[in-house]
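The values are calculated or read from the model by the stated rules, or taken from the named source; none is laboratory data. Not measured: the values here are computed from a predicted model. Note: ideal-geometry Cβ built from the backbone for every residue, glycine included; neighbour counts use all protein chains shown. Side chains included, ligands, DNA and RNA excluded: accessible areas come from the protein's heavy atoms. Shrake-Rupley method; radii C 1.70, N 1.55, O 1.52, S 1.80 Å.
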There are 2 protein chains.
Amino acid sequence: MTSQPVPPRETSGGHPTSSAAGTRLDPWLTSYAERTHGMRSSEIRALFAVANRPEVVSLAGGMPFLEGLPLDVLGDIAQRVVATRGLQALQYGSGQGDETLREQILDLMRLEGIEAHPDDVVVTTGSQQALDLVTRIFIDPGDVVVAEAPSYVGALGVFRAYQADVAHVPIDADGLVPEALESTLASLAAAGRTVKLLYTVPNFHNPAGVSMSEERRPRVLEIARRYGVLVVEDNPYGLLGFDSEPRDAIRSLDEDGVVYLGSFSKTFAPGYRVGWVVAPHAVREKLVLASESAILCPSNASQIAISTYLSTCDWRGQIKSYREQYRERRDAMISALAEHLPEASWNVPAGGFYTWVRLPDGLDAKDMLPRAVTARVAYVPGTAFYFDGSGSEHLRLSFCYPTPERIREGVRRLAGVVAGEKELVELFGTSAGAASDVVHAPGPDVA
Amino acid sequence: MTSQPVPPRETSGGHPTSSAAGTRLDPWLTSYAERTHGMRSSEIRALFAVANRPEVVSLAGGMPFLEGLPLDVLGDIAQRVVATRGLQALQYGSGQGDETLREQILDLMRLEGIEAHPDDVVVTTGSQQALDLVTRIFIDPGDVVVAEAPSYVGALGVFRAYQADVAHVPIDADGLVPEALESTLASLAAAGRTVKLLYTVPNFHNPAGVSMSEERRPRVLEIARRYGVLVVEDNPYGLLGFDSEPRDAIRSLDEDGVVYLGSFSKTFAPGYRVGWVVAPHAVREKLVLASESAILCPSNASQIAISTYLSTCDWRGQIKSYREQYRERRDAMISALAEHLPEASWNVPAGGFYTWVRLPDGLDAKDMLPRAVTARVAYVPGTAFYFDGSGSEHLRLSFCYPTPERIREGVRRLAGVVAGEKELVELFGTSAGAASDVVHAPGPDVA
C-alpha cells in the first residue's frame with residue numbers, strides 16, 4: 001500500500017512538534033506524559049548487545065541456568081495441557097489467576113512460614129508486574145519509597161516510572177540496618193515527605209547478596225508499621241539458599257502490614273512469566289482491578305502448565321538441584337575472585353545469584369565497563385542499583401548462568417581490566433572514562 | 001507459623017488509618033494513590049459471577065468460541081516448543097518480543113494494507129497491555145482522550161486508571177462521524193484542553209458492531225493530524241468480516257500518525273495472552289522501555305507457540321472457519337431479535353462479536369440486568385461503554401460464544417424480561433430499578 005495524501009502536520013495549534021520531511025525527529029516529542037521523561041534507554045544497553053555475543057563471558061545477566069530442567073517431561077506436560085485442557089488453557093481466565101495454582105502457591109509459601117488463603121493471592125505476569133501494580137495503586141508523583149542501598153534495578157525503574165522518589169537505607173551483612181531505617185523515616189517525616197512503601201529483598205539480595213537476619217525482621221516490620229509504611233517483600237530467591245533452610249518471610253509475621261511478591265522465574269523457569277503477590281484483603285482487591293486494566297488476565301496456558309508441573313513433578317527436587325548448581329558456581333566465582341582480584345572486596349552470598357564487589361580505590365565500574373566488554377567480560381556497574389546513580393565503586397557479578405569454567409575465565413579477564421585501570425589511575429590520577437550517565441531501566445538481561 | 005508479637009499500628013503520625021482489632025477495615029485506606037480512587041469493583045461483577053452459571057445464557061462475554069481449534073495439533077506444537085526449544089522458550093526473552101514472531105505479525109498485517117518493519121512492532125501481553133502502555137507514555141492526569149460513543153469498556157478503564165478525561169464522538173452506520181470529530185476537537189481546543197489520543201475501533205466495533213467506511217478513514221486521520229492528536233487504532237476483529245475482505249487499516253495511510261494495536265486473541269486464542277503494537281519509531285522505543293518496566297518481557301513460551309502455529313498450521317483457514325462460525329451465530333441472533341424483540345432496534349454487524357441494541361423507550365438496561373439474570377440471560381448494559389455512565393437505553397449482545405440454539409433461547413428470555421419491564425413502565429411510569437452505579441472496569445468476561 002502506498003500512502004494516500006494527507007496534509008502536512010501543522011506546527012501551531014497541535015501539540016506535536018513539526019515532523020520535518022526526511023528527518024527522524026519525533027513528531028510526538030511534546031505529547032509524552034510527564035512520567036515518560038524519566039524513561040531513557042541506557043547507554044549500557046548498547047554494550048549489553050555486544051555482551052551477549054558468545055565470545056563474551058557475561059557476569060551481568062540474571063538468567064537462570066535451565067539446562068538441568070527435564071525438558072522432555074515438561075514438553076509432555078505442555079502437550080497434555082493444550083490437548084486435554086485446551087478449551088480452558090487457550091481461553092481468557094480470571095483476572096486474579098487460576099484458583100488451583102493459587103492454592104499450590106500456598107504450599108510453596110508455607111516453606112517460608114507464610115499462612116495465607118488462596119483469595120489473598122493474585123497471579124501476575126512475572127513478579128515484575130506485581131511490582132508495577134503495587135506501585136501503581138500506592139504511588140503518587142513525589143511520594144517516597146524507601147529501599148535498600150543498593151536495590152534491584154528493575155524496582156528502581158518502576159518507582160521512577162511512577163515518579164516516586166527513592167530514599168536508600170544502608171545495609172550490612174545482616175541486611176537492612178534497622179537503626180538506619182528508623183533515622184531515615186524520622187528524617188523524611190520531619191521533612192514532611194509522604195513515605196508509602198518500604199521495598200526490600202530480604203533473601204540473597206539483588207545485587208548485594210546478603211540476607212536480612214531473623215532477628216532484624218520483626219524490628220524492621222515494627223518500624224515500618226510505626227511510620228505507617230507498607231512493607232513490600234520481594235522474594236524471588238528465598239528458596240535458593242545454599243547451606244540452610246529458608247528463613248521465615250516477613251509476611252509470616254504480619255498479614256496486614258506486608259505485601260509479598262513471589263516468582264517461579266528462579267525456582268522453575270522465567271519463560272512462562274508467572275509470579276504472584278500476596279496482599280491484605282482490600283489491597284488485593286485493588287491489585288486485581290489494576291491487573292485487569294493492565295492485561296485483562298494472566299495467561300491460562302502458562303498458569304496451567306506450571307500448575308501441572310507442580311502437581312506431577314518433583315519440584316522440591318528441582319529446587320534442590322538448582323541450589324547445588326548455583327552453589328558450585330558461587331564457589332567458582334569466590335575462589336576466582338580470591339585468586340585474581342585480591343585487591344577488591346566482595347561478600348560470599350549464601351544463596352541466590354549475585355556477588356557485590358567493591359573495586360580498589362579510585363576505580364569507576366561504569367567508566368570501566370566498555371573496556372571490560374572489549375576484554376570480553378561483562379558485569380553490571382553499581383550505578384544501576386542506586387536511584388541517584390551513585391555506587392560507581394561497586395559492580396554486580398552474577399554467577400547464575402555461565403559454567404564454573406566460564407566464571408573463572410570471566411573473573412580472570414576482569415582482573416586484567418582492573419589491573420589496566422589501576423595503572424591508568426596511578427599514571428593520570430583518573431581512568432579515562434567513557435562519557436557516562438545514570439543507568440536507566442536496563443532490560444531483562446540484568447534482571 | 002504463629003505471628004511474632006509486633007506493636008499495634010499507631011493511628012497518628014502514620015498514613016494508614018487504624019486497623020481496629022477484629023474489623024475488616026482497610027488499614028491502607030489513606031495510602032492509595034490518587035489514580036486508585038477511580039478503581040472500584042462494579043456491582044455488575046457480582047451479577048456476572050451468577051451469569052457464568054451454566055443455566056444462564058450469557059450474551060455478555062467476549063470469549064471466542066474455541067471448540068473448532070485443532071487441539072491435538074496445538075498440543076503437539078506445545079510439546080515440540082518445550083522439548084526441542086525449551087532453553088529459549090522457558091528463558092527470559094527480549095523486552096520487544098521475539099523477532100521471528102514480529103516478522104510473522106507483518107504477514108498478518110499485510111492483509112490490511114500495512115507495510116511495516118519488524119522493528120516497529122512490540123509484542124505485548126494481549127493488546128490490553130498495549131493499550132495500557134500507550135496510555136502510560138502519553139497521558140498526564142486531566143489530558144483528554146477522544147473516543148467513539150460508545151467505546152470499548154476495557155479501554156475506558158485504562159484511560160480512567162491514568163486519570164484521563166474521555167470525550168465521546170458520535171458514530172453512525174459508517175463509524176466515527178468526521179464532522180463530529182472536528183467539532184469536538186475544535187471545542188476542546190477552544191476550551192484549552194490538551195487532547196492526546198483519538199482511540200478508535202474501526203472494524204466491527206466493540207460494542208457498536210459498525211465499521212468505519214473506507215471513505216472516512218483518511219478524513220478522520222487528516223482531522224486528527226491537524227489537531228496534533230495521535231490515532232490509536234485498536235483492531236482485534238478486522239480479519240473477522242463475514243462477507244467481505246478486510247479493509248485497509250488507518251495505519252496503512254500514515255506511518256507517523258497512528259499507533260496500531262493487534263491481537264491473536266480473536267483470530268487464534270486468547271489464553272497465550274499475545275498481542276502487539278505498531279508505533280512510530282520514537283514511540284516504539286518508549287513502549288519497549290515502558291513494557292520492560294511493567295513485565296520485563298513477554299512470555300517466550302507463548303510467543304514461540306504462536307510463532308510455530310503460524311509457520312506450521314493453516315492459520316488463514318482457521319480465520320475463515322472462525323468467520324463462518326461467527327456469521328452463523330450473528331444470523332441466529334439477528335433473526336431471533338426480529339422474531340422476539342421487534343419493538344427494540346439493533347444493527348446487523350458485518351463481522352466481529354457484537355450487536356448493539358436500543359431498548360424500547362423508557363427502559364433502562366442497567367436497571368433491568370438483575371431481572372434478566374434472574375430470567376437466566378445476561379448482557380452488558382450500555383452504561384459500561386460510556387465514560388460518564390450514560391447509555392442506559394442500550395445494551396450489548398455478544399454472539400461469539402454460545403451456540404446458535406442458545407443464542408435464540410437467550411434472546412427469547414431477554415424478550416420476556418423486556419415485556420415485563422414495559423408493563424412496569426406502563427403501570428408506574430418507571431421500572432423499579434435496582435440501585436445502580438456507574439459500571440467500572442468489568443473483568444475479561446465482558447472484554
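For the reader, a short list of remarks on this structure follows.
- Residue within the range B:182-194 that is out of contact with any Leu (no Cβ under 6 Å at 6 or more places or on another chain), free of Cβ contacts under 8 Å to residues at least 60 places away in the same chain and surrounded by 24 or more Cβ atoms within 10 Å (Cβ to Cβ) present: yes
- If you filter the range A:298-319 down to residues that are under 23 Å from the mean Cα position of the chain (by Cα) and under 11 Å from residue A:272 (Cβ atoms), you find that the one that is nearest to the other protein chains (Cβ to nearest Cβ) is A:299.
- Number of residues in the range B:247-262 that are open to solvent by 10 Å² or more (accessible area, probe 1.4 Å) and assigned to a strand (DSSP E or B) equals 0.
- Against the list (1) small (Gly, Ala, Ser); (2) more than 21 Å from the chain's Cα centre (by Cα); (3) closer than 29 Å to residue B:351 by Cβ, the condition residue B:151 fails is (2).
- Among the residues of this structure, residue B:236 counts as one that is surrounded by 24 or more Cβ atoms within 10 Å (Cβ to Cβ) and in a loop (DSSP other than H, G, I, E, B).
- Residue A:107 vs. criteria over 22 Å from the mean Cα position of the chain (by Cα), of a type in the set (Asp, Glu), closer than 15 Å to residue A:264 by Cβ and within 12 Å of chain B (Cβ to nearest Cβ): no
Residue-wise test of (1) farther than 26 Å from residue B:78 by Cα; (2) of a type in the set (A, V, I, L, M, F, W, C).
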residue	(1), (2)
A:258	yes, yes
A:268	no, yes
A:275	no, no
A:278	yes, yes
A:281	yes, no
A:284	yes, no
A:295	no, yes
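- Of the helices (runs of 4 or more DSSP H) lying entirely inside the range A:31-125, those containing at least 3 residues that are closer than 30 Å to residue B:258 by Cα span A:43-51.
- Those residues of the range B:347-380 which are open to solvent by 60 Å² or more (accessible area, probe 1.4 Å) and more than 15 Å from residue B:410 (Cα to Cα), in sequence order: B:348, B:358, B:361
- Criterion applied to A:415, A:447, A:435 was being modelled with pLDDT under 95 and more than 14 Å from chain B (Cβ to nearest Cβ), and the one residue passing it is A:435.
- Any hit, the range B:203-217, residues being assigned to a helix (DSSP H, G or I) and modelled with pLDDT of 95 or more: yes
- Selection status of residue B:241, of a type outside the set (Ser, Thr, Tyr) and either farther than 20 Å from residue B:323 by Cα or not assigned by TED's automatic domain parsing to the domain that holds residue B:128 (or both): no
- Criterion applied to B:148, B:112 was being at the interface with chain A (Cβ under 10 Å from one of its Cβ atoms), under 26 Å from residue B:215 (Cα atoms), open to solvent by less than 20 Å² (accessible area, probe 1.4 Å) and among the acidic types (Asp, Glu), and the one residue passing it is B:112.
- Residues satisfying the stated conditions in the range B:340-377, i.e. over 18 Å from residue B:150 (Cα atoms) and of a type in the set (Ser, Thr, Tyr): B:374
- Top-ranked residue of the range A:12-28 - restricted to ones that are within 7 Å of chain B (Cβ to nearest Cβ) and at pLDDT 50 or above, ranked as most open to solvent (accessible area, probe 1.4 Å): A:24
- Yes/no for residue A:105 being touching a strand residue (DSSP E or B) at 6+ places or on another chain (Cβ under 9 Å) and touching a residue at least 40 places away in the same chain (Cβ under 8 Å): yes
- Count of the range B:227-259 residues which are hydroxyl-bearing (Ser, Thr, Tyr), within 13 Å of another protein chain (Cβ to nearest Cβ) and either closer than 19 Å to residue B:352 by Cα or in contact with a helix residue (DSSP H, G or I) (Cβ under 6 Å, 6 or more places away or on another chain) (or both): 1
- Sole residue being open to solvent by 10 Å² or more (accessible area, probe 1.4 Å) and more than 30 Å from residue B:131 (Cα to Cα), chosen from A:244, A:299, A:293: A:244
- Test result for residue A:31, modelled with pLDDT under 50 and polar (S, T, N, Q): no
- If the condition is being touching a strand residue (DSSP E or B) at 6+ places or on another chain (Cβ under 9 Å), assigned to a loop (DSSP other than H, G, I, E, B) and surrounded by 24 or more Cβ atoms within 10 Å (Cβ to Cβ), then the range A:266-280 contributes A:273, A:274, A:279.
- Entry remark, the range B:283-297: residues being among the basic types (Lys, Arg) and within 10 Å of chain A (Cβ to nearest Cβ) number 1 in total.
- Restricting the range A:162-181 to residues that are out of contact with any strand residue (DSSP E or B) (no Cβ under 9 Å at 6 or more places or on another chain) and open to solvent by 10 Å² or more (accessible area, probe 1.4 Å), the residue that is nearest to the other protein chains (Cβ to nearest Cβ): A:163
- Enumeration of residues in the range A:303-346 that are surrounded by fewer than 17 Cβ atoms within 10 Å (Cβ to Cβ) and in contact with a Gly (Cβ under 8 Å, 6 or more places away or on another chain): A:321
- The range A:75-103: number of residues that are crowded, with 21+ Cβ neighbours inside 10 Å and within 26 Å of the chain's Cα centre (by Cα): 6
- Every listed requirement among (1) loosely packed, with under 15 Cβ neighbours inside 10 Å; (2) farther than 27 Å from residue A:137 by Cα; (3) within 8 Å of chain A (Cβ to nearest Cβ); (4) at pLDDT below 95 is met by residue B:52 save one, (3).
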